[in-house]
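Working notes, beginning with the structure itself.
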Amino acid sequence: MDETGDDAVDPLADEDVYRVLGPNGIPLPDATVPDLSDETFLAIYRDMVTTRRFDERAVSLQRQGRMGTYAPCAGQEGSAVGSTHALRDRDLVSYQYREHGAIVVRDLLAEYLPYWMGHEAGTAAIAEGNVFPLNIGIAAHLPHAVGASWAFDYRDEDRVVACHFGDGATSEGDFHEAMNFAGVFDTPTLFCCHNNGWAISVPRERQTASATFAAKASAYGFEGVRVDGMDPLASYAVTRAAAERARNADGEGDGGETPSDGPPARPTLVEFVEYRYGAHTTADDPTAYRADDAVDPWRAIDPIDRMETFLRETGRIDDEGVAAARDRADDVVADAIDAAEAVEPDPAAMFDHAYADPPPELRRQRDELLAAVEEHGEEAFDLGE
């Protein structure tokens, strides 16, 4: 048995990562538990349970042919949910494609799910909730996130941008350009790197020669921190500290908390060390590049299990509360699926946003498709089913 009281091997035991909860869900002896209300602690747990349930249902929907390719997030709920709870509602979340917990925290699941069913309205809706539409191009959103945070600073708005991306994004030029710009101009940006062990099928040790991903921040003149991404309270604490470090130094704006005589605002690179339980996407087969039992040690430090233990041990939840959280998750996800499947598809919509003024060839394709739909009916194209 190790010093935390766990029989299972802790995959992060030898890693220098910030933690609040031990592998068994009990706060570590030297840890500082975030000073949160009981309701916030419970909300973090409920949002993780809902995210896990959404993930299960989304994979099932894809297998049934009811939605397109999907990026599973099981194992990464702690970092997405914990970090988003650490932000203010006006702060912007710049999304890659796996941080579904951020959508759950912002209560945008019903608006968001249509995207995965092929409706662009799903990305437009979450933008209204201060979540940048998800980005499929690896790291392509990082310069835009820095630009948004720079604009907030320029306009003296007390807002930060939490920009999420996977470890594979650090191999892209966009990552380095964004980091350099943020460091030079002190933009209020949180670079949230999800080191989940794999960049599709490429393991971390083949992705970089750096000792850690957080270490890359030093080249750009600001701090990099590593955190146990499967510890929602540690993810909250590190993100909250980084967000306050990033805010306007003069403390002006909506609810500014940084004193005028405090340190200058600075960006931060946060490396969430975690593990992706499932496939990169539903088009991927992880058994082709990793052993089936590679996931087992990480499941032993599951973020939901650890948070539940913490809540039970501190008297904040019991069996009835756990059952209620699961029932609520079922209802929220079921309602989101019903709403998404009720969206009426418009075959012309796929042509709307490629160009401000569609070129002749694109207009020809659009007119040809619409004419065929009118002639043969939507059923022939499996639209609306």
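A few points about this structure:
- Surface composition of the stretch 1-131: carbon plus sulfur atoms hold 45% of the accessible area, using a 1.4 angstrom probe and ignoring ligands, DNA and RNA.
- Ordering of 193-201, 363-371, 131-139 by packing is 193-201, 131-139, 363-371, highest average first (other Cβ atoms within 10 Å, averaged per residue).
- Accessible area per residue, Å², the stretch 33-175 with all protein chains present, probe 1.4 Å: 34
- Most fluctuating residue given options PRO360, PRO143, PRO27, as computed from a GNM of the chain linking Cα atoms under 10 Å: PRO360
- J(HN,Hα) series, the stretch 11-23, from Karplus relation 6.51 cos²θ - 1.76 cosθ + 1.60, nearest Hz, glycine and proline x: x, 10, 4, 9, 9, 8, 10, 6, 9, 10, 8, x, x
- Considering helices alone, the calculated mean residue ellipticity of the chain at 222 nm is -12500 deg cm²/dmol, with DSSP H runs of length four and up weighted by -39500 (n - 2.57) and normalised per residue.
- Antiparallel bridges, percent of DSSP beta bridges restricted to the chain (to nearest 5): 10
- Here the Gaussian network model covers the chain, with springs between Cα atoms less than 10 Å apart; of ASP91, ASP352, ASP153, ASP352 fluctuates the most.
- Surface composition of the stretch 138-253: carbon plus sulfur atoms hold 52% of the accessible area, using a 1.4 angstrom probe and ignoring ligands, DNA and RNA.
- Taking the alpha carbon gyration tensor of the stretch 295-385, multiplying each eigenvalue by 5 and rooting it gives semi-axes of 49, 17, 12 Å, largest first.
- Close amide-amide hydrogen proximity is noted between GLU223 and LEU269, each under 5 Å apart and 5 or more residues distant or on a separate chain (H modeled in the peptide plane; Pro and chain starts excluded).
- Solvent-accessible area, 1.4 Å probe, carbon plus sulfur percent, for the stretch 300-352: 43
- Surface/4 of the Cα convex hull for the stretch 1-84, nm²: 7.5
The values are calculated or read from the model by the stated rules, or taken from the named source; none is laboratory data. Since this is a predicted model, take the numbers as computed values, not measurements. Backbone-built Cβ (ideal geometry, glycine too); neighbour counts: all protein chains shown. The accessibility values were calculated without ligands, DNA or RNA, using every heavy atom of the protein model including side chains. Shrake-Rupley method; radii C 1.70, N 1.55, O 1.52, S 1.80 Å.
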